[in-house]
Amino acid sequence: MRKLFILLALVCVLGVVQSKPAAALTNEPFFKETFLDMQEDLLTARESNQILMLFFEQEGCPYCKQLHETTLQDPKVRTYMETYFYPVQVDIFGARESVDFDGKTAPEKQFARNHKVMFTPTVVYFNAKGEELFRLSGYWRPFHFLASMRFVKEGHYKSKNFQDLIRELVRQEGGLE
């Protein structure tokens, strides 16, 4: 009888632990719902005349949370992103299957490692061939985040570094917001 009681108690405890909902990343309405097939996402971005941008994040990341609550809520950031970019979210510890630009499949956590993502949030921009154009790691305020998108969209990455563009924009706009 005692063994039966212990067994039932154990089953109840395990049932409670297993019924806990899985944690999820903060989603945004402008993130594209994809199968993490980068070849397909790149093609869709190209057909939409947009640039593929990957948001590498993790559950519980305070800087990711701040990015979502502040920067991604800024109307200028959202409008520019929705117009010129194809944003896809990747969980650096996720298990969903992904297909890299070269067609190789791996869990998204391996995909993140393959692209040398070590910190979250990290935003990586890719050209139409799947080549990395620019990487922005960490939390950035709306001014800087918008500047990173302009850096890529306007082709500044070809002729100057990001800090030079920031200095130019600060001079032109009279300071940071």
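The values are calculated or read from the model by the stated rules, or taken from the named source; none is laboratory data. Note that this is a predicted model, so its numbers are computed, not measured. Cβ sites come from the backbone with ideal geometry, for glycine too, and all protein chains shown count toward neighbours.
Candidates in the range 31-60 are the residues that are out of contact with any helix residue (DSSP H, G or I) (no Cβ under 9 Å at 6 or more places or on another chain), in a loop (DSSP other than H, G, I, E, B) and not acidic (Asp, Glu); of these, the one that is surrounded by the fewest Cβ atoms within 10 Å (Cβ to Cβ) is Gly60.
For the range 114-133, state whether one or more residues are of a type in the set (S, T, N, Q), out of contact with any helix residue (DSSP H, G or I) (no Cβ under 7 Å at 6 or more places or on another chain) and closer than 24 Å to Gln58 by Cα. Don't jump to the end; show me each part of the working.
The initial filter retains those residues of the range 114-133 that are of a type in the set (S, T, N, Q), namely 114, 120, 122, 127.
Applying the additional criterion that residues be out of contact with any helix residue (DSSP H, G or I) (no Cβ under 7 Å at 6 or more places or on another chain) yields 114, 122, 127.
In the following step, the residues that additionally are closer than 24 Å to Gln58 by Cα were identified as 114, 122.
Yes, that holds for at least one residue.
The set of residues in the range 105-127 being buried (at least 17 other Cβ atoms within 10 Å of the Cβ) and charged (D, E, K, R) consists of Glu108, Lys109.
Conditions (1) surrounded by 18 or more Cβ atoms within 10 Å (Cβ to Cβ); (2) farther than 22 Å from Lys160 by Cβ, marked per residue:
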{"residue": "Pro87", "(1), (2)": "yes, yes"}
{"residue": "Ser98", "(1), (2)": "yes, yes"}
{"residue": "Gly103", "(1), (2)": "no, yes"}
{"residue": "Leu136", "(1), (2)": "yes, no"}
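Look at Gly94 and say whether it is modelled with pLDDT of 95 or more, assigned to a loop (DSSP other than H, G, I, E, B), on the phi > 0 side of the Ramachandran plot and among the small types (Gly, Ala, Ser). Criteria not met by Gly94. You will find that of Pro142, Pro121, the residue that is farther than 22 Å from Asn49 by Cβ and touching a Cys at 6+ places or on another chain (Cβ under 7 Å) is Pro121 and no other.
Output the number of residues of the range 106-163 satisfying the condition of being assigned to a strand (DSSP E or B) and under 17 Å from the mean Cα position of the chain (by Cα).
Initially, the range 106-163 is screened for residues assigned to a strand (DSSP E or B), giving 106-107, 122-126, 132-137.
Those still in the list that are under 17 Å from the mean Cα position of the chain (by Cα) too: 107, 122-126, 132-137.
The number of residues fulfilling the criteria is 12.
Sub-6 Å Cβ pairs linking a first residue in the range 94-110 that is under 16 Å from Asp41 (Cα atoms) to a second residue that is of a type in the set (Lys, Arg) and part of a loop (DSSP other than H, G, I, E, B), at least 6 apart or interchain, are Glu108/Arg96, ordered by first then second residue. Residues in the range 48-104 that are polar (S, T, N, Q) and either touching a strand residue (DSSP E or B) at 6+ places or on another chain (Cβ under 9 Å) or closer than 15 Å to Val117 by Cβ (or both): Ser48, Gln50, Gln58, Gln89, Ser98.
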